[in-house]
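Nothing in this text is a laboratory measurement; each read-out follows from the coordinates by a stated rule. Remember, predicted model here, so these are calculated numbers, not experimental data. Positions of Cβ are generated from backbone atoms using ideal geometry, with glycine treated the same way; all protein chains shown enter the neighbour counts.
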Amino acid sequence: MTKNDALARMLTAMADDALIQGHRNSEWTGLGPIMEEDIAFSSMAQDKIGHAWALYRILQEELGGEEPDSFAFLRNEKDYRCCHFVEYPNGEYDFSLMRHFLFDHAEAIRYQQLRESAFAPLRPLAEKLKGEIKYHTLHANAWIAQLCRAGEESYARMQSALNTCFPLALGIFEPDPEAGAILEAEGIYPGEAKLKEMWLDRVYNLCAAAGLNLPAESSVTPEYGGRKGYHTEYLQPLLEEMGAVFRSDPQATW
Amino acid sequence: MDQPQYSLDPRVNRLRLLESGEPVEVQEGENWNSFEVFHQEKRGAHHEHVGCVHAPNAQLALVFAKEQFARRKKCVNLWVVRSADILAFNAEDEDMFANNAEKTYRDASGFKVMEKINQFKKSTHDKK
């Protein structure tokens, strides 16, 4: 495997995570619990899709990848590299909010590290997305703190959502030993294991402040497979819906 | 007695009034508040009122206000303040301001200073 192959794997996984998470979150548009939150959540979903686009562009321009739109919408399901965590249907707002909280803190840590990446095109991108991701985590933290002190039922639902989400969220850090070794040696990023440690530290403290018990990593089985192209039953229907308009006329200019 | 009306809107938590007519105390956090939002376009500029949001607390009001009022165009900061904390005159006190339009002698525009300013500018320019 060459350095460029390893980079392409990492960028595709990051971009697919952002695209699928963005699409899932956008499904709340018009259905959010209150108007202000509906607007905020939809706006952040758009941000995510923007992050995916920026990464697909880097793939195209630096690594000879496909044109971003067709790469995003026309691939077969097994060619996507997103983790299972982002594929699951929205369920109720507690699940969506907890997913947003765990996912965005992982994004914040990843992009923070990429600001010093040896792969130059990632540095300005990481710098540019800093403020957006800061807002996403601020939004998530404010909701988690609020709902954890909003009564017994509310607290119980947040803890239960955390228990459901935690093994799925560990799937964000699914190891890819072959590509990972190259990327670490080249100074492109510190590797999934180190990112996971930083994420666990940060999320543990935030959960503790909200009174939530973060399950022990050793007590759960992380849900892996996405990075190798094995997906949940929920991805294919999502891809069909997401790409329906694009596929109706792939040559159209927007 | 009629059944209490429950709203689908989570911000609306209808109070149960007692038949005896005793006053009902609204507990902190029982109802969402409205917060007025003030937008600052650049550092040092005034914060200007742009609208309001509903939120359970000031922290979330600020989070909502950011996407509500500052996701387009330039913004460097926002303020939120609970609408209930704003003190205002009553509408019927509008008569206090009624004669303002006649008191043109209070307009700063009445002072003629441009001549002096130009003279000063000219004198400092001449010295150089």
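Cβ crowding within 10 Å, taken as a proxy for footprinting-reagent exposure, orders A:CYS83, A:CYS148 from fewest neighbours to most as A:CYS148, A:CYS83. For the range B:70-98, list residues with backbone N below 16 Å from a point placed 7 Å from the Cα of B:LYS42 toward its Cβ? What the label zone holds, given the 16 Å backbone N cut-off, is B:73-77. Sorting A:LEU114, A:LEU74 by the number of Cβ atoms found within 10 Å of their own Cβ, with the fewest placed first, yields A:LEU74, A:LEU114. When only alpha carbons of the range B:35-128 are considered, Rg and Dmax amount to 21.7, 64 Å. Result for chain A in a Gaussian network model with C-alpha springs under 10 Å: among A:ALA45, A:ALA193, A:ALA18, the largest mean-square fluctuation is at A:ALA193. Among the GluC sites (Glu not before Pro) in the range A:34-133, those located in a DSSP loop and surrounded by at most 15 other Cβ atoms within 10 Å of their own Cβ are A:GLU66, A:GLU92, A:GLU116.
Past 24 Å, Cα to Cα: identify those pairs from A:LYS134/B:LYS73; A:LYS3/A:LYS194; A:LYS3/A:LYS48; B:LYS42/B:LYS116, in the order given. Violating the 24 Å Cα-Cα cut-off are A:LYS3/A:LYS48; B:LYS42/B:LYS116. In this label model, A:GLN236 and A:ALA216 are separated by 3.9 nm, measuring between points 7 Å along each Cα→Cβ vector.
Simple rule: put +1 on each Lys or Arg Cβ and -1 on each Asp or Glu Cβ in chain A, find the dipole, and look at A:ALA54, A:SER218, A:TRP28; the Cα lying farthest toward the positive end is A:SER218. The Stokes-Einstein estimate for the range A:146-224, based on a Kirkwood radius over Cα pairs and taken at 37 °C with 0.692 mPa s viscosity, is a diffusion coefficient of 233 µm²/s. Sites count as exposed loop sites when they are trypsin sites (Lys or Arg not before Pro), lie in a DSSP loop, and have at most 15 other Cβ atoms within 10 angstrom; the longest stretch of chain A without one is A:1-114. Annotation for A:ALA208 and B:SER123: the two label points, set 7 Å from Cα along the Cα-Cβ direction, are 7.0 nm apart.
Projecting the Cα atoms of B:PHE38, B:ALA70, B:ASN57 onto the charge dipole of the range B:34-87, computed from C-beta unit charges around the Cα centre, puts B:ALA70 farthest toward the positive end. Basic side chains Lys and Arg get +1 at the Cβ, acidic Asp and Glu get -1 at the Cβ, and with that the dipole of chain A about its Cα centre reaches some 520 debye.
Loop-located chymotrypsin sites (Phe, Trp or Tyr not before Pro) across the range B:51-128 with a Cβ neighbour count of 16 or fewer within 10 Å are B:PHE89, B:PHE111, with loop assigned by DSSP. Give the residue from A:ALA145, A:SER248, A:PRO167 lying farthest towards the positive end of the charge dipole for the range A:101-254; charges sit on Cβ (+1 for Lys and Arg, -1 for Asp and Glu) and the dipole is referred to the Cα centre. Of the candidates, A:ALA145 comes out farthest on the positive side.
In the protein assembly as shown, helices alone account for a calculated mean residue ellipticity at 222 nm of -17500 deg cm²/dmol, with every DSSP H run of four or more residues adding -39,500 (n - 2.57). For the range B:34-87, the spherically averaged projection of the C-alpha convex hull amounts to 3.6 nm².
The calculated Kirkwood hydrodynamic radius for the range A:3-248 is 18.3 Å, given to one decimal from all distinct C-alpha pairs. Shielding value for A:151-162 is 0, the average number of Cβ atoms from other chains within 10 Å of each residue's Cβ. The order of A:MET198, A:MET158, A:MET1, going from fewest to most other C-beta atoms within 10 Å of their C-beta, is A:MET1, A:MET198, A:MET158.
The relative contact order of the range A:96-213, computed from alpha carbon pairs under 8 Å that lie at least 6 residues apart in sequence, is 36 percent.
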